[in-house]
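Chemist: Below you'll find the structure I mean.
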Amino acid sequence: MNLSDLIERNAAFTPGKTAIIFDREALSYRALHDRIEAAARALKAEFGVNRGDRVAILSLNQPDYLVLLYACARLGAMLVPLNWRLAVAEQLFILSDASVKVLALEQAFAAIVPDLEKSLPNTSLIGLDFVPPLGNAFDTLLAQARGDGRHPHIDLSCPLLIVYTSGTTGRPKGACCGRKRCCGTP
């Protein structure tokens with residue numbers, strides 16, 4: 001069992017019930033579940049995202065924030081939310097420090113792309129509302145998603161988020177939970 005199983009259960013019992021209302025548009029539990037499932041399949045098949053991998057998001061609040069969170073839960077990956085108010089250099093530090101495999105971002109924050117391509121060329125890009133250079137559009141990935149979108153060895157004890165501190169005493173530090181081995185460190 002993982003966090004995304006809660007959405008799957010609600011989709012099975014009340015598929016038409018509203019799960020999210022955003023910008024005056026409603027998304028049912030069935031539609032949310034289907035989007036989460038497609039996102040997990042796309043992340044796994046297209047980018048090889050697996051247990052322990054990091055997927056970052058640079059976006060304002062929107063439903064796909066939750067879609068990526070729950071897709072990461074299905075795969076045992078960890079979501080790294082980036083503060084859009086940070087300078088590009090600070091965002092790049094976090095992406096590097098967290099060893100992010102995939103970055104999903106809105107076009108409004110595309111200023112990071114040229115620097116990202118130079119300093120972290122192995123980080124794959126997903127445009128949430130555009131097609132980034134050398135990247136993919138999220139909706140296209142979802143439409144083409146194939147294969148299995150789960151990792152068999154995932155449960156509620158797997159870490160799901162790495163949230164970075166403000167770095168008041170130096171560089172920001174990633175915090176994911178209180179367990180010693182939670183973020184892949186011994």
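Read the figures in this text as sums done on the coordinates, not as results from a lab. As the structure is a prediction and not an experimental result, all values here were calculated from the model.
Chemist: Residue by residue through region 75-92, which ³J(HN,Hα) values in whole Hz follow from phi under the Karplus form 6.51 cos²θ - 1.76 cosθ + 1.60 (θ = phi - 60°), with glycine and proline marked x?
Modeler: My calculation for region 75-92 gives 9, x, 7, 10, 8, 10, x, 9, 6, 5, 7, 6, 5, 3, 4, 5, 5, 5 Hz in order.
Chemist: I20's amide H: which non-local residues (gap 5+, or another chain) put their own amide H closer than 5 Å, with H modeled 1.01 Å from N in plane and none for Pro or chain starts?
Modeler: Amide H neighbours of I20: L27.
Chemist: Of P159, P121, P81, which has the largest mean-square fluctuation in a 10 Å C-alpha GNM of the chain?
Modeler: P121
Chemist: Follow-up. Evaluate the relative contact order of region 4-175 (contact order divided by residue number), counting alpha-carbon pairs under 8 angstrom at least 6 apart; express in whole percent.
Modeler: 23
Chemist: Each residue of region 96-103 in order: what ³J(HN,Hα) in whole Hz does its phi give by Karplus 6.51 cos²θ - 1.76 cosθ + 1.60, θ = phi - 60°, with x for Gly and Pro?
Modeler: Karplus values, whole Hz, x for Gly and Pro: 5, 4, 7, 6, 5, 8, 9, 10.
Chemist: Continuing with this model, one more query. Kindly express, to the nearest 10 degrees and within the range 0 to 90, the angle between helix 4-13's C-alpha long axis and the longest C-alpha principal axis of the chain.
Modeler: 20
Chemist: Given the -39500 (n - 2.57) contribution per DSSP H run of 4+ residues, what per-residue ellipticity at 222 nm results for the chain, rounded to the nearest 500 deg cm²/dmol?
Modeler: Result for the chain, helices only: -11000 deg cm²/dmol.
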